[in-house]
1. So in the stretch 48-86, with the set limited to residues that are among the hydrophobic types (A, V, I, L, M, F, W, C) and open to solvent by 80 Å² or more (accessible area, probe 1.4 Å), which one is farthest from C7 (Cα to Cα)?
2. Anything in the stretch 15-41 that is touching a Leu at 6+ places or on another chain (Cβ under 8 Å) and not polar (S, T, N, Q)? List them, or say none.
3. T35 passes all but one of (1) closer than 13 Å to F93 by Cβ; (2) part of a helix (DSSP H, G or I); which number fails?
4. Using the structure shown, decide if G187 is free of Cβ contacts under 8 Å to residues at least 60 places away in the same chain, open to solvent by 20 Å² or more (accessible area, probe 1.4 Å) and at positive phi.
5. Give me a count of the residues in the stretch 143-168 that are among the β-branched types (V, I, T) and out of contact with any helix residue (DSSP H, G or I) (no Cβ under 6 Å at 6 or more places or on another chain).
6. Among the residues of the stretch 1-38, write down those that are open to solvent by 100 Å² or more (accessible area, probe 1.4 Å), of a type in the set (V, I, T) and in contact (Cβ under 8 Å) with a residue 60 or more places away in the chain.
7. Kindly indicate the residue of the stretch 134-162 that is under 10 Å from the mean Cα position of the chain (by Cα) and in contact (Cβ under 8 Å) with a residue 60 or more places away in the chain and also most open to solvent (accessible area, probe 1.4 Å) among those meeting that condition.
8. In the stretch 100-120, how many are open to solvent by less than 50 Å² (accessible area, probe 1.4 Å) and touching a helix residue (DSSP H, G or I) at 6+ places or on another chain (Cβ under 8 Å)?
Amino acid sequence: CAVKFKCNTFAALAVAGALLYPSIVNLTDANAAVTFIGIPVELVSYGYTILPIIFSVAALAWLEHRIEKFMPDSVSAFFTPLIATVIVVPLTFLVIGPVMNAISDGLAWVYNSFYAFAPGAAGALVGFVWHCLTLVGLHLATFPIILANLDTYGYDTICPMVGMACASQAGACFAVFLKSHNSKTKGIASTAALSGILGSTEVCVFGVTFQLKRPFWIAN
């Protein structure tokens, strides 16, 4: 996130470290009542979350870029990330963290409700759209739901569905390997099939099936 949002990496690590600081984790586990300058703090277990740190680092980057405008160049490298971190850490505990965690839990609730109502339909939907989402990077949006499930229930139902989707892409690549008469295509397809069996299907999708179109849709 620090690289993507162009902010100080060590400041971003400090914000992330604050969320997982052992004393904070212990307070969370103990359901302790905590306040910051008189404001109640909703303690959340951030070990299985993604959205809170993404938005916290985004806020850090936004703040750093504005502080740099009036901070003298001679001291900016030290004081800009320091000031931004001092502001963003309590802001994360008070606002960003609880709000983003609630959104993650809400997404998980919507998915789990759909799964409880029609597990077969949920499996078919996830399996069909997974690699369509992968093409544009939106499959990463499911990670907060997966982690929220693991945190809340101790298990997740999305990953097994994704595993079947990966297996189908690997199978499609193996079929291309068997059917193709082009030695280069056969080489890429065999490597992609092995990668897909191990759970990484980017090579399958971008290197083989989506280029040929038909194997991609058959695998879905």
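1. Keep residues of the stretch 48-86 that are among the hydrophobic types (A, V, I, L, M, F, W, C), which gives 50-51, 53-55, 57-63, 67, 70-71, 75, 77-79, 82-84, 86.
Of the ones still in play, those that are also open to solvent by 80 Å² or more (accessible area, probe 1.4 Å) are 55, 62, 70, 77-79, 86.
Details: F55: 13, W62: 8, F70: 16, A77: 11, F78: 13, F79: 13, V86: 15 Å.
Result: F70.
2. From the stretch 15-41, those touching a Leu at 6+ places or on another chain (Cβ under 8 Å) are 15, 24, 27-28, 31-32, 34, 36, 39, 41; that's our starting set.
Answer for the stretch 15-41, where residues must be touching a Leu at 6+ places or on another chain (Cβ under 8 Å) and not polar (S, T, N, Q): V15, I24, L27, A32, V34, F36, I39, V41.
3. (2) is the only condition that T35 fails.
4. Details: free of Cβ contacts under 8 Å to residues at least 60 places away in the same chain: yes; open to solvent by 20 Å² or more (accessible area, probe 1.4 Å): yes; at positive phi: no.
It is false that G187 is free of Cβ contacts under 8 Å to residues at least 60 places away in the same chain, open to solvent by 20 Å² or more (accessible area, probe 1.4 Å) and at positive phi.
5. Step one: list which residues in the stretch 143-168 are among the β-branched types (V, I, T), which gives 145-146, 152, 157-158, 162.
Now drop any that are not out of contact with any helix residue (DSSP H, G or I) (no Cβ under 6 Å at 6 or more places or on another chain), which leaves 152.
Of the residues in that region, 1 qualify.
6. None; the set is empty.
7. Keep residues of the stretch 134-162 that are under 10 Å from the mean Cα position of the chain (by Cα), which gives 138-147.
Narrowing further to those that are in contact (Cβ under 8 Å) with a residue 60 or more places away in the chain: 143-144, 147.
On the way: F143: 79, P144: 9, L147: 43 Å².
Applying the filter and picking the extreme gives F143.
8. 6
The values are calculated or read from the model by the stated rules, or taken from the named source; none is laboratory data. Remember, it's a predicted structure, so these values are computed and weren't measured experimentally. Ideal geometry is used to build each Cβ from the backbone, glycine not excepted, and the neighbour counts take in all protein chains shown. The accessibility values were calculated without ligands, DNA or RNA, using every heavy atom of the protein model including side chains. Shrake-Rupley method; radii C 1.70, N 1.55, O 1.52, S 1.80 Å.
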